[in-house]
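A quick write-up on the structure given underneath.
The values are calculated or read from the model by the stated rules, or taken from the named source; none is laboratory data. Model, not experiment: these values are computed from the prediction. Cβ sites come from the backbone with ideal geometry, for glycine too, and all protein chains shown count toward neighbours.
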Amino acid sequence: MAPADSDLRRIIRRHMLLLMAAQGFSIVVFMQMPALGGLAIKELTGSVELTGVAMSVSAVGQLLTAHLFGRWMDHWGRGPVLAIGAGLSAGGALLIAWAFNLGALPIFLASLLCYGAASGPLRQITVAAADMHPSAARGRAVGMVFMGSILGTVLSPVIARFFTARPGVSDHDSIVLAWIVGAALFACAVPLFLALRPDPLEIGKRLAARDGAAAAAAGRELPRLDFGPDKAIAFAAAIATMATLWGNMSLGMAMTPVAMRHHHVPLGDIMFAISLHVLGMYAFAVPLGAFADRIGRKPMMTASILLTGASNFGALAAADYISQAVFIFLLGIGWSGGIISATAMLSDYTTAEDRGRAFGSAEFITRAALLLFPALGGLLVGRIGFVYAGVAIAATALAPLFFVLRIRRDRPLPVPIDVPAGR
């Protein structure tokens with residue numbers, strides 16, 4: 001028997017708390033790849049031009065499994081697939097620690113690939129939140145899941161400083177220990193995902209069926225969502241925004257630590273700046289999501305794209321630590337507003353039954369951007385320096401505006417269907 005409305009609301013609140021906690025555990029480890037991956041590659045190769053390779057190799061793994069995991073989420077549900085991803089990611093993190101400690105570059109790159117492939121579904125936690133909320137509250141729901149990442153901003157610098165501040169602990173040992181802790185955090189997320197019962201996909205279907213039954217009892221049918229030709233524009237704008245913002249964000253997180261290290265900033269302070277960036281990504285997620293629900297997806301996406309381009313330039317071009325930290329913080333805010341509004345738009349133009357596949361396709365393109373941007377950024381910095389590389393990178397952030405400015409409707413319009421009473 002389907003749960004009563006009060007029970008369903010309680011279940012949704014419980015599920016949102018579980019998703020927020022799982023997001024918090026996951027983000028601690030996700031922060032380590034851009035912050036420590038480039039430094040690990042630099043230690044293994046001695047080349048600053050290759051520092052973006054760690055993010056790119058991880059993105060290749062995500063690229064290979066993104067669409068597959070999306071299809072599985074539509075078939076098996078959100079919780080089981082997310083739990084599988086968390087468990088496999090824990091193994092991948094341990095593999096990275098072992099390979100880096102071994103000092104063998106080919107094995108280290110292979111471990112990054114395996115980790116990226118395993119962690120793919122954890123990038124789609126917001127799909128579960130979108131299932132359980134209507135369009136008018138979807139931006140805020142996505143923002144609530146992102147708020148769980150505040151846990152990551154608190155834990156990450158604490159872990160980094162604990163390892164780096166201890167006498168006799170080198171940067172090499174700090175990186176190894178950080179990945180071992182990351183594996184433990186991924187393992188903590190597994191039971192949280194398994195506790196999502198009933199599954200968010202099932203809840204989304206129940207909500208649609210309940211609304212349809214209520215309308216039928218009143219002698220009416222629910223308005224159909226009219227996707228029409230606007231769907232293609234909305235999809236292109238949302239996916240282009242997600243891909244470019246993820247690419248620019250990952251590039252900023254990969255190259256800003258290198259720029260800071262170039263100016264002799266200590267590792268602990270670099271991790272603190274990365275934590276500020278992640279704070280910008282998630283601390284304001286709920287009000288940004290609510291704002292996207294109120295004013296629409298298009299204005300939020302436009303403002304976020306502009307802020308991201310300006311901030312990425314500043315983070316790479318600035319020569320002092322304070323300015324770099326401020327710019328990378330603003331980069332996080334721009335990313336947050338753009339990703340939340342783009343995620344909400346993509347959710348608006350899909351149903352629960354096909355949302356996983358749609359987000360899987362979006363993730364495929366997004367991870368392709370993650371593959372390109374960090375590697376390109378490292379190459380540009382090595383060839384033309386931080387300032388000119390910042391100019392080129394900022395220009396790429398404007399590309400999604402070509403699609404965003406062509407959006408005519410932030411949400412699909414409902415088409416009313418009048419049905420005679422007593423049908």
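Quick look at the values:
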item	result
Pair list, Cβ under 9 Å, 6 or more apart: segment 35-47 residue of a type in the set (Lys, Arg), other residue at pLDDT below 80 and in a loop (DSSP other than H, G, I, E, B)	Lys42/Thr51
Residue, nearest to Met33 (Cα to Cα), within segment 133-151, restricted to residues that are of a type outside the set (Val, Ile, Thr) and crowded, with 24+ Cβ neighbours inside 10 Å	Ser149
Of residues in segment 54-105 being more than 25 Å from Phe359 (Cα to Cα) and aliphatic (A, V, I, L, M), the one surrounded by the fewest Cβ atoms within 10 Å (Cβ to Cβ)	Leu102
So Ala375, is it touching a Ser or Thr at 6+ places or on another chain (Cβ under 6 Å), assigned to a helix (DSSP H, G or I), modelled with pLDDT under 80 and of a type outside the set (S, T, N, Q)	yes
Which numbered condition Leu222 fails, given (1) aliphatic (A, V, I, L, M); (2) assigned to a helix (DSSP H, G or I); (3) at pLDDT below 90	(2)
Segment 248-283, subset under 30 Å from Leu405 (Cβ atoms) and without any contact (Cβ under 8 Å) to a residue 60 or more places away in the chain, residue surrounded by the most Cβ atoms within 10 Å (Cβ to Cβ)	His277
Residue count, segment 109-124 (criterion: in contact (Cβ under 8 Å) with a residue 24 or more places away in the chain, among the hydrophobic types (A, V, I, L, M, F, W, C) and surrounded by fewer than 23 Cβ atoms within 10 Å (Cβ to Cβ))	4
